[in-house]
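Written below as structure tokens is the structure these notes are about.
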Amino acid sequence: MVPDFCVLILSIIMAVVCLTLCCLHCRVPTVPVKNLNGSSPVHPALAGITGILMSAAGLPVCLTRPPRLVLHPPPVSKSEVKPVPGLGHCCRKTSKRQARRGKTPEEVVKKYLQKVRNPPEEDCTICMESLVGPSGYKGPVAGGGSRGGEPVGRLMRCGHLYHLQCLVAMYNNGNKDGSLQCPTCKTIYGVKTGTQPPGKMEYHTIPHSLPGHPDCRAIRIIYTIPPGIQGPEHPNPGKPYTARGFPRHCYLPDNEKGRKVLRLLLVAWERRLVFSVGTSSTTGESDTVVWNEVHHKTEFGSNLTGHGYPDPGHLDNVLQELRQQGIWAEEEEEEE
């Protein structure tokens, strides 16, 4: 009995012969077998095996090359690089963490609250204890409790209720920048700032179009952040942090909405909200500079990784992400 692996080898040889004969003599249209997206070396092998099996079934096959990752535009000269219309400067820098105002955490929290004398019998969603009872957080209690318990407040814009002590504890565990974010609906009170390390943001237009935006030039953003030492606002103060992949190049279409996104990204940069120090979701490295929940497109001429164009919903998604960081256009602020 012929072993199974010998039968397999003979089948493959016959398939290859079949493929050769088809290529030489067959005049019927070929069936393209495209390579799978991605850069893994196994993908061409899968495409090759598919071609062999199809040829064995009598179908002519034409294998095509895989799509190419295009991270950067063609080279441009300095004279072709132009300022973004409506934005005079082409570079913004951020420095180290500024000193905060001398208000106590309790004073900051009370600024955004209305006192509730008779709170409902429901749970505080921070400590999961009843609002009519004491807070689940230990610490000095502010005077003037309700029903024998601790003070309860209602956030002015969204109306959610919490123990004052719970909000103070939450504020102390955050950036302590004078702003407060509702843990239920994420409404931001005050001006939220982040923990982005010092760096530089450059931006200009280049004479090339992005896929999906053939009618305009492209805006190129270049972020540069060097490695350094973590400050008191970072996860491990005094410990070094790395900065992989800088300078990072990102792209927007140079149209009305693209320029709107750029203006708001400049606000996010100045508030130190574009990057943070943490653990990389792609490499698992800790104590490194990572993106901070505002997505950028880092592929110029392709979209193989999901970080490129075309992507019709990208600009609207970024506007929503910026809004969640407390950043929106002036016309939206006037409507509120």
Q: Could you work out how far apart the two model spin labels at T305 and L87 are, taking each label as a point 7 Å from the Cα in the direction of the beta carbon, and quote it in nm?
A: 2.2 nm
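Between R154 and D123, what is 0.36 nm times their sequence separation minus the Cα-Cα distance? Round to one decimal in nm.
On the way: separation 31, 0.36 × 31 = 11.16 nm, distance 1.34 nm.
Working it through step by step, the gained length comes to 9.8 nm.
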Q. Leaving out ligands, DNA and RNA but keeping every protein chain, what accessible area does T242 have, in Å² rounded to the nearest 10, with a 1.4 Å probe?
A. 40 Å²
Q) Given H placed on each backbone N at 1.01 Å, which residues far from A218 in sequence or on other chains put an amide H within less than 5 Å of it? A) I206, H208, D254
Q.
Counting heavy atoms of the protein chains only and a 1.4 Å probe, report the per residue accessible area for the range 240-336 as a whole number of Å².
A. 48 Å²
Q: Enumerate the residues in the range 292-320 having an amide nitrogen under 16 Å from the point lying 7 Å beyond the Cα of E80 toward its Cβ.
A: 300-301
**Q.** 16 Å cut-off, amide nitrogen to a point 7 angstrom out along D215 Cα→Cβ, residues in the range 238-278
**A.** 253-259
Q) Which cross-chain or sequence-distant (5 or more) residues have an amide H under 5 Å from the amide H of V84, H modelled 1.01 Å from N in plane? A) T205
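Distance check, please: which entries in K111/K186; K192/K239; K110/K192; K93/K176; K110/K186; K93/K239 exceed 20 angstrom between their Cα atoms? Spell out each step's value before the answer.
On the way: K111/K186 17 Å; K192/K239 25 Å; K110/K192 17 Å; K93/K176 22 Å; K110/K186 18 Å; K93/K239 23 Å.
The answer is K192/K239; K93/K176; K93/K239.
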Q: Work out from phi, with θ = phi - 60° and the Karplus expression 6.51 cos²θ - 1.76 cosθ + 1.60, the ³J(HN,Hα) of each residue of the range 168-178, listed in order in whole Hz, and give x for Gly and Pro.
A: 5, 5, 5, 4, 5, 8, x, 7, 6, 9, x
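From the mean inverse distance of alpha carbon pairs (Kirkwood) and the Cα radius of gyration, derive Rg over Rh for the range 232-336.
Values: Rg = 15.3 Å, Rh = 15.3 Å.
So for the range 232-336, dividing Rg by the Kirkwood Rh gives 1.00.
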Q.
Principal axis extents for the range 167-220, Cα atoms only, whole Å, descending order, please.
A. 51, 28, 15
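The values are calculated or read from the model by the stated rules, or taken from the named source; none is laboratory data. Treat the numbers as computed from the prediction; the structure is a model and nothing was measured. Quick reminder, even Gly has a Cβ in these numbers, built from the backbone with ideal geometry, and neighbours come from all protein chains shown. Please note that ligands, DNA and RNA were not included when accessible areas were found on the heavy atoms of the full protein model with its side chains. Shrake-Rupley method; radii C 1.70, N 1.55, O 1.52, S 1.80 Å.
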